[in-house]
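Single-structure report; data block below.
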Amino acid sequence: MVGELLSYIQSYPPPHSSPPAPGAYDAWIKVYTSANAVFTLPDTVWIIPVFKYISKQLVSLAIRTDRASPGRQYTKTIDAAGRLSKSAGMAANDRTAAPAQNTKRIAVLSLANASFRAYFCLNNTRLCETVLGSVNNALLMNRRFAEESDNGEDPYTMAERVTYHYYLGKIRLFQHRVQLAAYHLRWAFDHCTTTHLHNKRTILIPLVAVHAILGRYASSTLLIRFDLQTVYGDLLHYLKSGYAHKVMEELNKHRDWLRARGLYMLLWEKLVLSLWRNLLQRCIRYQAQHETPASNKPPTLQIATLVRPAQLAWNDTTLSKDDVECMVANLVEQMYT
């Protein structure tokens, strides 16, 4: 391993240099392969800090090399993702009956996060499930052999845990498992230190979207602090009032920005029912305020009375009573309240 590293240092600039030197990735592969061979041997926990660094630089160098290439085929990133996924699996399979910090399992989150970075760059989150399986196996072993009661994550650095929950939240979001996505993204946001505002903003971008789907709306103060008011401010304002036509305008206005982050189609699909729910709630509140005399009975609305508000909200005069009834039935079926 030392020989390959010295050879790289002699011939190429540091792997984090930009732009990457021609041939640098292939040379770094030799360093990684040599380090990985040592990592597979028994009693080589000592190499983990070095191996984690080499792995992070591998995926970073692969992505930058592919982005600098004319065709952008991302062949290097595909190669790096496969290598890192295998290494994560190998780390997770360390069955040593000892706390995680004394085993190769302590490397699994770092290797998994590097794999996730590559797979997200490739827009192939489906392959993340294999890596998640490795992480879950490692966490299970950690809990089994922990000296104190923990959830299996405690031995890892907070930076590794925050990154892991961020990626896991995004994976669940793209799978439309919204509640799980909200949990993991919120965990990552709450535990990311305020000294890393850029990272908190990165986490907040999908978190605001998933909370909007669930009917929880970020405050203007929060959006302004993280420079997201331009994208989300008006969208959330119109969403809360059920003003569907304006929400769709806002989505289209920021389509390229949202699409680059994998959020455009998700919001377009998921916000439809949220808009109908908010519109109905607004109509119910309006009716209650103008009801004479005031009643303690559960509020009710005639479907026919919702047609005109729906037409105004969607800016669509073709909406009929049947359309409204269909959407109300969907709300009931999916337990929107």
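The values are calculated or read from the model by the stated rules, or taken from the named source; none is laboratory data. Source: prediction; values computed, not measured. Glycine gets a Cβ as well: all are built from the backbone with ideal geometry, and neighbour counts include every protein chain shown.
Would you confirm whether or not segment 135-153 contains a residue that is in the same structural domain as ALA98 (by TED's automatic domain parsing), surrounded by 17 or more Cβ atoms within 10 Å (Cβ to Cβ), β-branched (Val, Ile, Thr) and modelled with pLDDT of 95 or more?
Checked segment 135-153: at least one residue is in the same structural domain as ALA98 (by TED's automatic domain parsing), surrounded by 17 or more Cβ atoms within 10 Å (Cβ to Cβ), β-branched (Val, Ile, Thr) and modelled with pLDDT of 95 or more.
Going through segment 225-271 one residue at a time, which ones are buried (at least 16 other Cβ atoms within 10 Å of the Cβ) and β-branched (Val, Ile, Thr)?
VAL231, VAL247
Would you mind stating whether ASN315 is on the phi > 0 side of the Ramachandran plot, surrounded by fewer than 20 Cβ atoms within 10 Å (Cβ to Cβ) and not aliphatic (A, V, I, L, M)?
In short, yes.
Given the conditions (1) closer than 30 Å to PRO14 by Cβ; (2) among the basic types (Lys, Arg); (3) not in a helix (DSSP H, G or I), and given that ARG95 satisfies all but one, which numbered condition is not satisfied?
Here ARG95 clears every test but (1).
Any idea which of LEU139, LEU173, LEU127, LEU132 is aliphatic (A, V, I, L, M), in a helix (DSSP H, G or I) and without any contact (Cβ under 8 Å) to a residue 24 or more places away in the chain?
Of the residues listed, the single one that is aliphatic (A, V, I, L, M), in a helix (DSSP H, G or I) and without any contact (Cβ under 8 Å) to a residue 24 or more places away in the chain is LEU139.
Looking only at segment 98-124, how many residues end up being outside any helix (DSSP H, G or I) and farther than 23 Å from ARG172 by Cβ?
3
Residues in segment 144-170 that are among the hydroxyl-bearing types (Ser, Thr, Tyr), farther than 14 Å from SER115 by Cα and assigned to a helix (DSSP H, G or I): how many?
0
Within 30 Å of ARG177 (Cβ to Cβ) and at pLDDT 85 or above: is that true of SER274 in this structure?
yes
Assess whether ASN142 counts as being out of contact with any Gly (no Cβ under 7 Å at 6 or more places or on another chain) and among the polar types (S, T, N, Q).
Taking the combined requirement at face value, the residue does not satisfy it.
Could you list all residues from segment 228-265 that are farther than 23 Å from VAL332 by Cβ and aliphatic (A, V, I, L, M)?
Matches in segment 228-265: LEU228, VAL231, LEU235, LEU236, MET248, LEU251, LEU258, ALA260, LEU263, MET265.
Search segment 55-79 for residues being in a helix (DSSP H, G or I) and over 26 Å from GLU160 (Cα atoms), and hand back the single one that is nearest to the chain's Cα centre (by Cα).
Once the filter is applied, the top-ranked residue is THR75.
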